[in-house]
Amino acid sequence: MNKSCKKSLNSVVCLLLAVFLLTIGCAVFNFQHKVAMADYAQTSAKAMCVMEAGSKRMLYNKNQSEKLPMASTTKIMTAITAIENCDDLDKTFEISPKSVGISGTSIYLRKGENMSIRDLLYGLMLVSGNDASVAIGEQISGSYQKFVELMNKTAINIGAKNTHFDNTHGLDSKTHYTTAYDLALITSYALSNDTFRDLVSTKNTKITNTDGKVRYLKNKNKLLNSLEGCCGVKTGFTDDAGRCLVSACQREGMTVVCVVLNCGPMFEESKALIERAFNEYNLIDLTSGYAYNKSISVSRGKSESVEIGTTGRYLYPLKAEEISKVSYEYNIKDLIDAPVSKGDEVGEIKIFIDKNLHFSEKVVTMEDVRRDSIWSKLKDFIERW
């Protein structure tokens, strides 16, 4: 074989080797990309948090602590703040000029018409009325700014430490922001309120002012019609925030909250995240796993023993492979002295998951036991005689 042929052959071999290595490299990259996406539960959102509402456990997350604009999902806080600070949601009041003509989505409030807070809340949460949010704030706190301050105080009390509200509606502002985690926390808190839960799960309704004008409202949350067990809660969009969605779903006692911020296919990805959560997690009553003697001995009592027990429940979402990581620590007395009163503390039970303490509660007596004195013996003898 001449030199030119050898040179050509070597070139072909090198080319094939380069193609092979490139193919392998691409495969590795694709695999790593898929693994990374799996860690983020496959979402294109800029930030995401999926949380079990009762325990506040994060099931999946992506950039969950990044401060971002949240558009009209702001109205979750507007609604729960109003509900908690209004004595009569059905009392009507006159709409002020300050609530009319607010930019963005509107229910087209008119100056001087009379509405109730309840009807305005429907306008707020179903069709995202910015004007309704301003009217609510003015009526609840006497001034719009005082109501926004109340929203911020409520957020702090809930534990949303990386959230700040400049307004009630979510229109873009430099210091109006939250995180996916905080928004999931706020929503989990709000969903514990029956009025809020009924409100955001409503698909269609009509509201009427005192003059008889009717407004027909249809909820913008498409998941209410396409996701089994969906119970709300709020959509949102601005140029800065992008498409945002907070959704919630309840099945078999477990409520899953899903937050996606700046997510194009927000309905599709939220639905996939929620379905994955219900497939991978089950809500377990870990107190049902207690294993201890249900009575202890009593010294110098009319009964030789007393029943003991607990009153708390601890529900926590776990994957199947996590159940084996649950352990219990018991610290319970073997003997107590009479007299015994119902509710006396006799010990403590701690629940650990993977060696981390998650829950503890007191073990108490479930009945009274009188002291077995000479006088009580004499009284018993007389009663029997």
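Restricting the trypsin sites (Lys or Arg not before Pro) of segment 180-218 to loop positions (DSSP other than H, G, I, E, B) with no more than 15 neighbouring Cβ atoms within 10 Å leaves Lys203, Lys213. Of the trypsin sites (Lys or Arg not before Pro) found in segment 261-341, those in coil by DSSP whose Cβ has at most 13 other Cβ atoms within 10 Å are Lys294, Arg300, Arg313, Lys319, Lys333. Taking the centroid of alpha carbons for each part, segment 306-363 and segment 76-98 are 43 Å apart. Gaussian network model of the chain, Cα springs within a sub-10 Å range: biggest mean-square fluctuation belongs to which of Gly312, Gly129, Gly236? Maximum among the listed residues: Gly312.
Rounded, prolate or oblate: pick one for segment 97-235, where a ≥ b ≥ c are the square roots of the eigenvalues of its C-alpha gyration tensor, a/c under 1.5 means rounded, and failing that, prolate if a/b is larger than b/c, else oblate. Before the final figure, lay out the partial values.
Values: a/c = 1.82, a/b = 1.13, b/c = 1.61.
Taking the square roots of the gyration eigenvalues as a ≥ b ≥ c, segment 97-235 is oblate.
Taking the charge dipole of the chain about its Cα centre, with +1 at Lys and Arg Cβ atoms and -1 at Asp and Glu Cβ atoms, the residue from Ile158, Cys231, Gly212 reaching farthest to the positive side is Cys231.
Multiplying the residue separation of Glu268 and Asp172 by 0.36 nm and removing their Cα-Cα distance gives an extension gain of 32.1 nm. A 1.4 Å probe, protein heavy atoms only, puts the accessible area of Val127 near 30 Å². Among the listed pairs Lys46/Lys146; Lys146/Lys206; Lys203/Lys234; Lys98/Lys146; Lys91/Lys213, which are separated by more than 20 Å between their Cα atoms? Over 20 Å apart, Cα to Cα: Lys46/Lys146; Lys146/Lys206.
Across the chain, Cα pairs under 8 Å and at least six residues apart give a relative contact order of 15 percent. Within the accessible area of the chain, the carbon and sulfur atoms contribute 51%, probe 1.4 Å, all protein chains present.
Distance from the C-alpha centroid of segment 169-235 to that of segment 237-272: 12 Å, rounded to the whole angstrom. The string of couplings for segment 269-280 from the Karplus curve (6.51, -1.76, 1.60, θ = phi - 60°) is 6, 5, 4, 5, 5, 5, 4, 4, 4, 6, 6, 9 Hz, one whole number per residue in order, with x for Gly and Pro. Between Glu345 and Lys213, the simple label model (points 7 Å from Cα in the Cβ direction) yields a spacing of 6.0 nm.
Rolling a 1.4 Å probe over the heavy atoms of the protein chains gives the chain an accessible area of 53 Å² per residue.
Seen through its C-alpha gyration tensor, with square-root eigenvalues sorted a ≥ b ≥ c, the chain comes out oblate because a/c lies at 1.5 or above while a/b is not bigger than b/c. Of the residues Ser141, Ser173, Ser324, the one that moves most in a GNM of the chain with alpha-carbon contacts below 10 Å is Ser324.
Between Ile353 and Thr311, the simple spin-label model (points 7 angstrom out along Cα→Cβ) gives 2.5 nm. Note on the chain: GNM, Cα springs under 10 Å; of Cys86, Cys258, Cys244, the largest mean-square fluctuation is that of Cys86.
Using a cut-off of 26 Å between Cα atoms, the listed pairs Lys153/Lys350; Lys67/Lys271; Lys67/Lys218; Lys111/Lys153 include Lys153/Lys350; Lys67/Lys218; Lys111/Lys153 as exceeding that distance.
The values are calculated or read from the model by the stated rules, or taken from the named source; none is laboratory data. On a predicted model such as this, the values are computed, not experimentally measured, just so you know. Positions of Cβ are generated from backbone atoms using ideal geometry, with glycine treated the same way; all protein chains shown enter the neighbour counts. Calculation scope for accessible area: heavy atoms of the full protein, side chains included, ligands and nucleic acids excluded. Shrake-Rupley method; radii C 1.70, N 1.55, O 1.52, S 1.80 Å.
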